[in-house]
1. What is the number of the single condition among (1) buried (at least 18 other Cβ atoms within 10 Å of the Cβ); (2) within 28 Å of the chain's Cα centre (by Cα); (3) under 19 Å from residue 204 (Cβ atoms) that residue 392 does not meet?
2. Between 346, 354, 324, which is farther than 30 Å from residue 439 by Cα and either surrounded by 13 or more Cβ atoms within 10 Å (Cβ to Cβ) or among the hydroxyl-bearing types (Ser, Thr, Tyr) (or both)?
3. Show the residue pairs meeting these rules: Cβ distance below 8 Å; 6+ apart or different chains; first residue within region 249-271 and buried (at least 16 other Cβ atoms within 10 Å of the Cβ); second residue basic (Lys, Arg) and in a loop (DSSP other than H, G, I, E, B).
4. Could you list, in sequence order, all residues of region 116-129 that are crowded, with 17+ Cβ neighbours inside 10 Å and part of a strand (DSSP E or B)?
5. Can you tell me which residue is nearest to residue 161 (Cα to Cα) among those in region 75-98 that are outside any helix (DSSP H, G or I) and polar (S, T, N, Q)?
6. Need the failing condition index for residue 99 against (1) among the aliphatic types (A, V, I, L, M); (2) in contact with a Phe, Trp or Tyr (Cβ under 6 Å, 6 or more places away or on another chain); (3) farther than 17 Å from residue 310 by Cβ, just the number.
7. Please go through region 421-432 and give me each residue that is more than 11 Å from residue 445 (Cα to Cα) and loosely packed, with under 14 Cβ neighbours inside 10 Å, ordered by number.
8. Which condition from (1) under 25 Å from the mean Cα position of the chain (by Cα); (2) closer than 21 Å to residue 446 by Cβ; (3) assigned to a strand (DSSP E or B) is the one that residue 336 breaks?
Amino acid sequence: MAYDYDLFVIGAGSGGLASSKRAASYGAKVAIAENSVVGGTCVIRGCVPKKLMVYASQFSHLYKDAVGYGWSEVESSFDWQKLTQAVDTEVKRLSQLHISFLEKAGVELIDGYAKFIDAHTLEVGDRKITADKILVAVGAKAVRPEIPGIEHSIISDDMFLLPEQPKRFAVWGGGYIAVEFAGILNGLGSQVTEIIRRDLILRGFDQDLRSHIQEGMTKHGVNFRTNTTIEKIEKVEEGLKLTLTGDDTEPLIVDALLCATGRQPKLDGLNLENAGVETIKGAIAVTQDSRTTQSNIFAVGDCTDRVNLTPVAIAEGRAFADTEFGHLPRSISHDNIATAVFSQPEAATVGMTEAQAQEKFGDGIKCYRAVFRPMFHSLTGADEKVLMKLIVETNTDRVLGAHMVGKDSAELIQGVAIAVNMGATKKDFDNTMGIHPSSGEEFVTMR
């Protein structure tokens, strides 16, 4: 049977863009459908605009730190509209860049929401389109708990569109999105309260890393309401009134509430059942090579709820294209994937946490920790501490995990991740000459 396309991709985010261009490079006829702005969560309403706002929020600390180095005090002011407009301009530039990359690759971009009619047929607007293979890369969306007044809250997508900076800001949630925006608004001068259901943020990360970040954020001025959740939200004359339940029930009045309690695959309206594509716990069920329960349909990225990170979606998409169109069969490993939290203080990690290592190896592990004041703050007087941690299997001396909290953690852990993935031992680290003076040298001098 002749199809309109060799490959049809649903969703022009990180995974969809990467796979469509790679497939087209092998000579496939490819189209990609997107019903929003090209670029997906990361470029439009996630990693990129958020990181720009992180940069903006750090200047307030730098002005203070400069005084210790002989600079005069600065009476600075911050313009929220100027920042959000600049971020929006950059996001639009990147979106247009991705569109131009599709054009150069020979990928047809179709504006509209695609939904399945059957395993080889899609409906996009008033068009019916057929394809030999179909890739679903629709990403995920924020979800909000069903409590009275939840409509008064905002989600992370809205953070970049707020017309004014909320002076009193609450964040509901303890994941990386909540933690990062708490740091951003705090750095920009807002009064920030983070409400978490547990005693520590960032469930699933190493315990030392979690406690060190939370302690650092508290020192910076973020107020935590731990073991607490929101029962009701009311719009009152003073702003939003949050009724709380748990350990800290004192009501809270804020100008804005960010609900960052979770995300789920964005599968609404795809009509996956028409194509025989099954889901598990709200995510598309796939094999290691991203194949769904329908042999010609694949899925990558957050809609599969495996490891929800931009580089993972890109790698999955390229591996799919290499396998199906480049005759280079391969799949990616989801083990030892490095990740960062652009909190303040920043954190990054690769490999096992101490708890995971203990569960697998019992007493057969050894942890190396270092906590110290970074050289930069020796003159600022700021109470800042770096945490570095290595987890080692004693039987083989292999480094199972590396964790860091402190400035440029992401940059350092990216390099350490290569060593961890190559199976480096603690002796390999010890035999590596450090760069002095630097924080990074601590990873090769810990005893």
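The values are calculated or read from the model by the stated rules, or taken from the named source; none is laboratory data. No experiment lies behind these values; they were computed from the predicted model shown. No Cβ is skipped: glycine too gets one built from the backbone with ideal geometry, and neighbour counts run over all protein chains shown.
1. With respect to (1) buried (at least 18 other Cβ atoms within 10 Å of the Cβ); (2) within 28 Å of the chain's Cα centre (by Cα); (3) under 19 Å from residue 204 (Cβ atoms), residue 392 is out only on (3).
2. 324
3. 255/167; 259/144; 261/144
4. Listed by number, the residues that qualify are 116, 121, 122, 124, 129.
5. Once the filter is applied, the top-ranked residue is 77.
6. Just one mismatch for residue 99, condition (2).
7. Once the filter is applied, which keeps residues that are more than 11 Å from residue 445 (Cα to Cα) and loosely packed, with under 14 Cβ neighbours inside 10 Å, region 421-432 yields 422, 423.
8. So residue 336 meets the others, but not (3).
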